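Worksheet: one structure, shown below.
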């Protein structure tokens, strides 16, 4: 997933997903939270009330939870919509675990993991007063396909009948895949194959349960009734989004959907990042979405350290290199870039060592399957990797460029046109020129860069982009971003931007997913080895692991950071 | 009794000499010429400054670079150590002759060296675009005005179409398209990112602004007795244009030169500020202002200095333009006075 604006349609992945356990280790070091890690404090009614004021440069598009694929609104969906399952709403690594939400319990597995049985809780109402029923559940899963949710093909295609729904979304019918029993409130989901990550997928906003009569098209700016503590009252993408309390909400599982503190949440759009910082400093806003401008970081870190919260993310900034066109169709050319890239320089552009860490591996530190190794640092090689990245090796890079016979080739570096990405691109351009290429920088609008670099028609050679996990599973990085099935030539939804497809390694990935069904530990070890095998072929250059910086107003209390969906908005206290 | 009063005295000097003498005697000319000469000399010294004084390559990112200042090794980009230690700031001005006299930008490049190189590009684009505009506009204006009828109508309508678009909107649109795909027309081929692209774009968009007044002037000249006499005596069109029309149009073109250079320079800076003019790692004053935008709170000089250079150069050119206009057309000054 991308951090804020969009992820366009993921991929039409025909996943052969297999099982895996829940959670996953996380060594990310959270800091500055007000809550106790792993546990949400008991609700304190005396702290409830007030208006939470959020600010951002722009809105995130449609309000439809089955379509919107931005962290900006996913953060809000955590306090508005519910699925059968949810990610645990706590501070720290346990937030990667799934818990029953609208379902009474985690699913009972049968038929070798291909059948999941849930029982829907009774007494839960939508914000318009109607009861949540099993009919709503089935209709919601069908709606994922009817509205062509960006993850319909990637995440939910394993449900029996999904293939036909993908072909003909308008008439989607999951009678065989989602079987409901109104008398017992039971829901049985049947899969074509065991899927270790199905719990995660059912806990994502795209699997939210909506009223059965929700429109079978993008709801746009029209709010759909909610089940969580808030409902959307009004939305003008050019101005403001307002959330108010859902009068029908009653806490049923604090770990899944805790009662909220602020009475209202007002999200204002149209402020520059500079203006957002000033608004918070002047107590006119409580939190800003956009990254703090580079020239304000030092000032805020010095003057208002208590209002800054920093957390390591399971994400990466990286440079996909197109393995199908010159010069990066030559493995030595790709390796040269990896050797030449000074990760510390990129960390500095991002804001310094407190905000990012140099990285070398595809799986971020703390992520399931991560293994420490670095083949492209001074003194290391593919055959004899070092443990961590230390410094670039420009001489070796120049030598590899010469050996590859690609010296002097023209290379276009495609980046988003925002300040940080453009600076990264300029740095990459300088490095490429240093090692023997003739590089040009191609900054394009942030709104289209992510899809532009996916489409092979645009003949992008190298780009700078980011990936933030959808859920804590190694396949969400390696298989999604570098699997053969993720490479769709000519499509804007070809998330495998490098166009990398090594059939042997792809088979290993599929086998690792299968292995996860029975032995997650062994599967994770295999993912680590796959990471090393992939990086030996250098389809990408991983630059660094970013950290999340939240800048809050002085009045905000009870800050909790979920590793899955970041700051828990509903738990902030402003009274 | 005399019949020759002072008003009827005829000077033995040619109009050109009188204009030149007037121009030389104008203080504005000297102020503008001095400032412009200084700026041009400084920008031409950019390679020398980079190689011998700053001893840095202003086109290479040196984010992790260091340099020696007062016998100490200093990082070009410095990690903040106060408070939470957030942020990385490029070094500010050292105010010592040597590296980073005016500090570094966010890529760790020497701001002074880039300012000089940037000036070279901005001035080059300004002068080259103005030259292109004036050359094409003069040709089109004369051809339209002298030919009349169908030729005049065609040229005038084409100029009207270009005129219909606001100059910045047209420049931005052309830049966005050409910067992505480059420019190829017959044997002329310009790569995306080439310095010639902004010259071409700016040179083209200002043509109507010069061609139309020239056309009007030629239309008036065509009705003058000396032109009619030349036509009546059987002179060829080419002869009439080069011997009778052009010499009378040139003073107007000369007046346009400083104005057009100034306009072209400002347009280039605006386009480069929007990332659609000069492309990195090349510099222009516009690109440096953009680079400095993200450093306004910590290193404001990075954005302010190129802005100041643009102001000084534009003011100098406008002063020069006023002086040239007054020298060539004293009536204009009188009109201005009343």
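Read-outs: derived from the displayed coordinates by stated rules, not from any lab. Computed from a prediction, not measured in an experiment: that's the story for all the values here. When we count neighbours, we look across all protein chains shown, and the Cβ atoms used for this are built from the backbone with ideal geometry, even at glycine.
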Inset, instruction - Take the alpha carbon atoms of region B:173-243, find their center, do the same for region A:511-536, and report the distance between the two centers in whole angstrom. - result: 68 Å
Legend entry - Calculated FRET efficiency for the pair residue A:188/residue B:81, C-beta based, R₀ 60 Å, to 0.05: 0.50
Legend entry - Label-point separation in nm, residue A:251 to residue B:296, each point 7 Å along Cα→Cβ: 4.4 nm
Legend entry - Calculated SAXS-style log₁₀ I(q)/I(0) at q = 0.25, 0.28, 0.30, 0.31 Å⁻¹ - region B:152-208, Debye, Cα scatterers: -0.99, -1.08, -1.13, -1.16
Legend entry - D (Stokes-Einstein, µm²/s), Kirkwood Cα radius, region A:431-514, 0.692 mPa s at 37 °C: 230 µm²/s
Legend entry - Cα-based Rg / Dmax (Å) for chain A: 23.2, 72
Inset, instruction - Could you calculate, for region A:283-375, the ratio of the Cα radius of gyration to the Kirkwood radius, expressed as Rg to Rh? - result: 1.07
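Order by neighbour count: A:190, A:563, B:55, fewest other Cβ atoms within 10 Å first, most last.
B:55, A:190, A:563
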Legend entry - Quotient of C-alpha Rg and 2.2 N^0.38 Å, computed over region B:56-168: 1.89
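On average, how many beta carbons from a partner chain sit within 10 Å of the beta carbon of a residue in B:102-114?
Going residue by residue through B:102-114 and averaging, the value is 2.
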Legend entry - nm² value of the averaged projected area, convex hull over the Cα atoms of region A:303-431: 9.6 nm²
Inset, instruction - May I ask for the angle, rounded to the nearest 10°, between helix A:419-434 and the longest principal axis of chain A, with both axes built from Cα atoms and the value confined to 0 to 90°? - result: 20 degrees
Legend entry - Volume per residue that the Cα convex hull of region A:115-166 spans, once the total is divided by residue count, Å³: 95 Å³
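Percent of Cα-Cα pairs more than 22 Å apart in region A:180-282, please.
Pairs farther apart than 22 Å: 53 percent.
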Inset, instruction - Report the percentage of all Cα-Cα pairs in chain B whose separation exceeds 33 Å, rounded to a whole percent. - result: 42 percent
Inset, instruction - Starting from the Cα-Cα distance between residue B:176 and residue B:70, subtract it from 0.36 nm times their residue separation and give me the gain in nm to one decimal. - result: 33.6 nm
Legend entry - Average projected area [Cα convex hull, region A:152-235], square nanometres: 6.9 nm²
Inset, instruction - Just need log10 I(q)/I(0) for region B:152-307 at q = 0.08, 0.09, 0.11, 0.18 Å⁻¹, Debye formula, equal scatterers on the alpha-carbon atoms, no solvent, rounded to two decimals. - result: -0.36, -0.44, -0.61, -1.09
Inset, instruction - Rank these for me by crowding, B:325, B:114, going from fewest to most other beta carbons within 10 Å. - result: B:325, B:114
Legend entry - Over chain A: helical MRE at 222 nm, DSSP H runs n ≥ 4 each giving -39500 (n - 2.57), nearest 500: -7000 deg cm²/dmol
Legend entry - Two-site label geometry, residue A:503 and residue B:184: point separation in nm, points 7 Å out along Cα→Cβ: 3.6 nm
Inset, instruction - For region B:18-66, report the translational diffusion coefficient in µm²/s to the nearest whole number, using Stokes-Einstein at 25 °C, 0.890 mPa s, and a Kirkwood Rh over Cα pairs. - result: 179 µm²/s
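What is the order of B:37, B:61, fewest Cβ neighbours within 10 Å to most?
Least crowded to most crowded, the residues run B:37, B:61.
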Inset, instruction - Take every residue in peptide A:286-298, count the Cβ atoms of other chains within 10 Å of its Cβ, and give the average of those counts. - result: 5
Legend entry - Calculated FRET value between residue B:236 and residue A:240, using beta carbons and R₀ = 60 Å, to 0.05: 0.25
Legend entry - Nitroxide proxy distance, nm - points 7 Å out along Cα→Cβ at residue B:13 and residue B:42: 3.4 nm
Legend entry - Helical contribution to [θ] at 222 nm, DSSP H n ≥ 4, -39,500 (n - 2.57), averaged over chain B, rounded to 500: -20500 deg cm²/dmol
Inset, instruction - Go ahead and set up a Gaussian network model of chain B, Cα springs under 10 Å, then flag whichever of B:92, B:238, B:65 fluctuates most. - result: B:238
Inset, instruction - Over the residues of region A:106-247, compute the C-alpha Rg and express it relative to 2.2 N^0.38 Å. - result: 1.08
Legend entry - Dmax and Rg, reported as Rg then Dmax, of region B:112-180 (C-alpha, Å): 16.4, 55
Legend entry - Crossing angle, helix A:394-404 versus chain A [Cα axis fit, 0-90 degrees, rounded to tens]: 80 degrees
Legend entry - Cα-based Kirkwood hydrodynamic radius, region A:40-118, one decimal, Å: 15.6 Å
Inset, instruction - For residue A:275 and residue A:306, compute 0.36 nm times the residue count separating them, minus their Cα-Cα distance, and round to one decimal in nm. - result: 9.2 nm
Inset, instruction - Calculate, in whole percent, how much of the Cα-Cα pair population of region A:477-575 lies beyond 23 Å. - result: 50 percent
Legend entry - Residues in region A:434-457 that a label on residue A:326 would reach, taking backbone N under 20 Å of a point 7 Å out along Cα→Cβ: A:434-441, A:456-457
Legend entry - Nearest-0.05 FRET efficiency for residue B:192 and residue B:52, computed from C-beta distance (R0 35 Å): 0.55
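Where Rh denotes the Kirkwood radius from the mean inverse Cα pair distance, what is Rg over Rh for region B:78-140?
That ratio is 1.34, to two decimals.
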Legend entry - region A:434-500 versus region A:333-400: alpha-carbon centroid distance in Å: 19 Å
Legend entry - Rounded to 10°, Cα long-axis angle of helix B:111-147 versus longest principal axis of chain B: 20 degrees
Legend entry - Projected-area average for region A:357-454 over all orientations - Cα convex hull basis, square nanometres: 7.8 nm²
